[in-house]
Amino acid sequence: MDPEIQKMREVVLVYLDRSGGLQKFVHDCKKYNDSKQSYAVYRFIISFNPSDIAELDATLGNYILHNPLQAAQIFQSVCFVAIKTLSLIEQLQTEAQISILLKPTHLPPLPSYVLSLSAYPFNYTSQRFYMSEGIVIAMGTVTKYTQGARFLCTEETCPFSEGRFRCIRVHCPGATESATVRTDFVCSLCSSPLQEDMKFRVLGDKQIVEMIDAKILNALKGYSIDKSHFRIQAFTLFLRDELANKMTIGNHYRIIGIPACVQNGLQMTACIEVNSVQLYKPNGPSFVSENFKYLLSLTSSSCWRFTAVLANIFASQVVPPGTYNTLKLAILLSLVQTCEKENADYLDLLIITSDPLVIDRLLNYSLCLLPRGIRHPPSSDIFPSVSKDKHGTGSASIQACSAVLAKGGICYIGDLSSYKKDKLELLQSVLESRTTTVFIPGKKYGEEADQQVTVSVQTNFWSFVDADSSSKKHIQKENFLIGQMDVSLIPVNLVDGFGLLIYSEFPSGRLSSPVVHHTLKKAINPEAMLYKVSQQFRTQDYEEFILFARNLQVELSSEAESLIQGYYLASRRVRRDSIHGSTLSASALKILISLAKAHAKLSLRQRVLEEDAVIAILLLESSLTLKHGTSPLCVAPNPVFPFDLSDENSLQQRDIYLMQCHHQLVKFISAYSPGIHINTNEE
């Protein structure tokens, strides 16, 4: 025996003893022994820390990391001796029956251990451990594969025809089913055909997953500050046994695995046999720029001024400062109200506009402030679809889509009036439940029964309706209430599904002079900085600000909660008709709380104040007025920004106006919801 191999075996035994791996191995053996059943293969998982092994013996540490398949054989022989010495599994006969899966806890943080899914060439020939990361874009259903099988020689006089475990086939990383089980194997002793002993076949779970580099998100934004070019290709992952169903479509993962090549007909497919899976959550910035800090200190005298100035100067690269302020504030609120939690506070936007080109540019620009801002391409599906697995298994594969890839971000679906009725009905269902169901017919995909897979949709949706084009497609209604807009082209329930309905229009019905001048100058010189504020508050500064603000944990104050509940109950009483009852949807209370929390985050506060609740109520009341007409609260057409913000005096006037709105709101609640007690500050 090679003395180097013998030395490594001794080190393996020492490491297993010191790390507790030997104790776990004995426990796993006991499960097999208690079953009293003979298996062709006994599978063991051995987790190891590369740093600990390297400190114990550098040669063994290097051997495991760079030759994991050969290193597994060393562990295999050590485990076989342990089983026989300690009589751990009575049924075990040969060393070949032991299958060892080595799982590193981590890999050295060096470039040579990182496998980039977007780099070329893709090094799939060296069968060693690599770390990679990416986003899951497709997932197959869980199917069975053969972990191991026993074969017997068909020649009766051959010693290998006896009922011992002499001919064992065990699955290896990257191997297909035919490499483990087929009918053309021959006996190594007499060259007669081998026949499988079916009662000893060991099956395991297998799932095929498609993963792609996270850079794909930049390509799906529709507009990007980064002009660099890169190559993107999806790669196949094999999840086996305990790793099946450990991944969720749309999530970002770090994996450790062994690359391999799989033969599929005449084609070769590069794949990765996964050993470990870890959900990847990048840390957001722990700071905001100095200019934002200075602006916050300048506006600290009022809880309304900082967000007002923020909205006023936002997206100055796309639209002039001071234009579309209500829409820009709503966009900022929706951006900071994004996260990947199951029960998140969502804030969807539906915009009615006669300026679709300008609005489209503004929304596209805003998408890029988030890592997961997806512009939905009209040629693809918004929600998951099912197709046949392309690896020849015939099983179903669920394909990701814009809404799933935008997890924890924004899915911008463009002009809502361009979608057909069935797509709009599906969108309405998702807005209500935040889930979508994928139906998999069993007969079509080789399963005994049909399946239904529920996929979570954790994203905010943005869309717009072109007021001019929609008015030409149908006859407008005549019996409008005061303040109500004609949105009858879109189903009423779908409009209610969106958190905010915003009318983005200038009083004259035409583009303002600043917007026209801005558009012309940008057409002549797209890279020009037209305003000083664009240099002071760069796009990168806004990216850091949004990522910092959305990670803030906020809580409702009792005063804000009373104001929101009082308005909600009062509105349900005044907004009703004799046929349908209250026209206020049940989700309105959630939307109010989401708006108030978002305004507190945007103000870089962790406590929702009454001032935040006032902005939330004014925005929702304006949205309800567009849908159902005005109420006794009777807010102005543009209640959050009633006039232009040009200097400190205009900010002071806006504060006075909002205080008056607050007082008017308290009177409204007292009149229509007298059971709610509201604290008021009397001057």
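The values are calculated or read from the model by the stated rules, or taken from the named source; none is laboratory data. This is a predicted model, so every value here is computed, not measured. With ideal geometry, Cβ positions are generated from the backbone for all residues, glycine too; neighbour counts draw on all protein chains shown. The area values use the complete protein model at the heavy-atom level, side chains included, leaving out ligands, DNA and RNA. Shrake-Rupley method; radii C 1.70, N 1.55, O 1.52, S 1.80 Å.
Placing R0 at 45 angstrom, the Cβ-Cβ distance between GLU561 and THR176 gives a FRET efficiency of 0.15 after rounding to 0.05.
How do 656-667, 562-573, 72-83, 638-649 rank on mean C-beta neighbours within 10 Å, highest first? Working shown, then result.
Details: 656-667: 16.0, 562-573: 21.7, 72-83: 19.3, 638-649: 14.5.
Sorting 656-667, 562-573, 72-83, 638-649 by mean packing, highest first, produces 562-573, 72-83, 656-667, 638-649.
What residues from region 453-467 fall in the zone where the backbone N is under 12 Å from a label point 7 Å along the Cα-to-C-beta line of ASN251? Inside the label zone: 456.
Report relative contact order for region 1-141 in percent, whole number only (criteria: Cα-Cα under 8 Å, sequence separation at least 6). Kindly include the intermediate steps, with their values, before the conclusion.
Numbers: 142 pairs, mean separation 40.1, N = 141.
With pairs under 8 Å counted, the relative contact order is 28 percent.
When peptides 57-68, 492-503 are ranked by their average number of other Cβ atoms within 10 Å per residue, the highest-first order is 492-503, 57-68. Here the 3J(HN,Hα) profile of region 172-187, calculated from phi with Karplus coefficients 6.51, -1.76 and 1.60 at θ = phi - 60°, is 10, x, x, 6, 7, 4, 5, 6, 9, 10, 7, 9, 9, 6, 10, 5 Hz, Gly and Pro shown as x.
In region 296-353 the Cα-Cα distances spread across 5 Å bins starting at 0 as 4, 17, 22, 20, 19, 11, 7, 1 percent of all pairs. Heavy-atom accessible area, probed at 1.4 angstrom with all protein chains present, ranks THR269, THR323 as THR269, THR323, highest first.
Spin-label model, ALA82 to GLU432: label points 7 Å out along the Cα-to-beta-carbon direction sit 5.7 nm apart.
Sorting check: for 159-166, 622-629, which peptide has the highest mean count of neighbouring beta carbons within 10 Å, and how do the rest follow? Could you put the intermediate results ahead of the total?
Details: 159-166: 15.6, 622-629: 21.2.
Highest to lowest by the protection proxy: 622-629, 159-166.
To the nearest 20 debye, what charge dipole does the chain have about its Cα centre, counting +1 at the Cβ of each Lys and Arg and -1 at the Cβ of each Asp and Glu?
Details: 65 positive and 66 negative charges, 124 e Å.
In total the dipole reaches around 600 debye.
The amide H of ILE351, built 1.01 Å from its N in the peptide plane, has SER463, PHE464, VAL465, ILE502 as neighbours under 5 Å, considering only residues 5 or more places off or on other chains.
Working value for region 1-105: equivalent-ellipsoid semi-axes of 24, 14, 12 Å, each the square root of 5 times a Cα gyration tensor eigenvalue, largest first.
Go through region 31-123 and name the trypsin sites (Lys or Arg not before Pro) that are in a DSSP coil and have 11 or fewer other Cβ atoms within 10 Å of their Cβ. Before the final figure, lay out each step's value.
On the way: sites: LYS31, LYS36, ARG43, LYS84; in loops: LYS36.
Qualifying residues, ordered by number: LYS36.
Of all DSSP beta bridges located in the chain, what percent are antiparallel, nearest 5?
Details: 56 of 86 bridges.
In the chain, DSSP labels about 65 percent of beta bridges as antiparallel.
Spatially close Lys pairs in region 326-431, defined by Cα atoms under 26 Å apart and a spacing of eight or more places or different chains, total 11. For region 1-105, the number of Lys pairs separated by eight or more positions or lying on different chains, with C-alpha atoms closer than 26 Å, is 12. Coupling constants for region 266-272 follow from the phi torsions by the Karplus curve (6.51 cos²θ - 1.76 cosθ + 1.60, θ = phi - 60°), and in residue order they are 8, 9, 10, 10, 6, 9, 10 Hz; glycine and proline get x. Normalised by the number of residues in region 28-105, the average gap of Cα pairs under 8 Å and 6 or more apart makes the relative contact order 53 percent. Here the contact order of the chain, divided by its residue count and restricted to Cα pairs under 8 Å and six or more residues apart, works out to 11 percent. Within straight-line reach of LYS667, meaning a Cα separation under 29 Å, sit the following lysines at least 8 residues removed in sequence or on another chain: LYS590, LYS597, LYS601, LYS627.
Scalar couplings 3J(HN,Hα) for region 7-14, obtained by applying the Karplus form with A = 6.51, B = -1.76, C = 1.60 to θ = phi - 60°, are 5, 5, 4, 5, 5, 4, 4, 5 Hz; x denotes Gly and Pro. Note on the chain: the C-alpha convex hull projects to 39.0 nm² when averaged across all orientations.
Between the beta carbons of GLN267 and ASP381, assuming R0 = 22 Å, the FRET efficiency works out to 0.25 to the nearest 0.05.
What do you get for the angle between helix 513-524 and the principal long axis of the chain? Use alpha-carbon atoms, 0 to 90 degrees, nearest ten. Its long axis makes an angle of about 40 degrees.
Rg over Rh for region 540-683 works out to 0.98, both radii taken from alpha-carbon positions and Rh defined as the Kirkwood radius.
Annotation: amide H-H contacts under 5 Å for GLN458 (H modelled 1.01 Å from N, sequence separation of 5 or more, or interchain): GLY408. Once backbone amide H atoms are built at 1.01 Å from N, ARG43 has SER99 as its partners under 5 Å, excluding neighbours fewer than 5 places away on the same chain.
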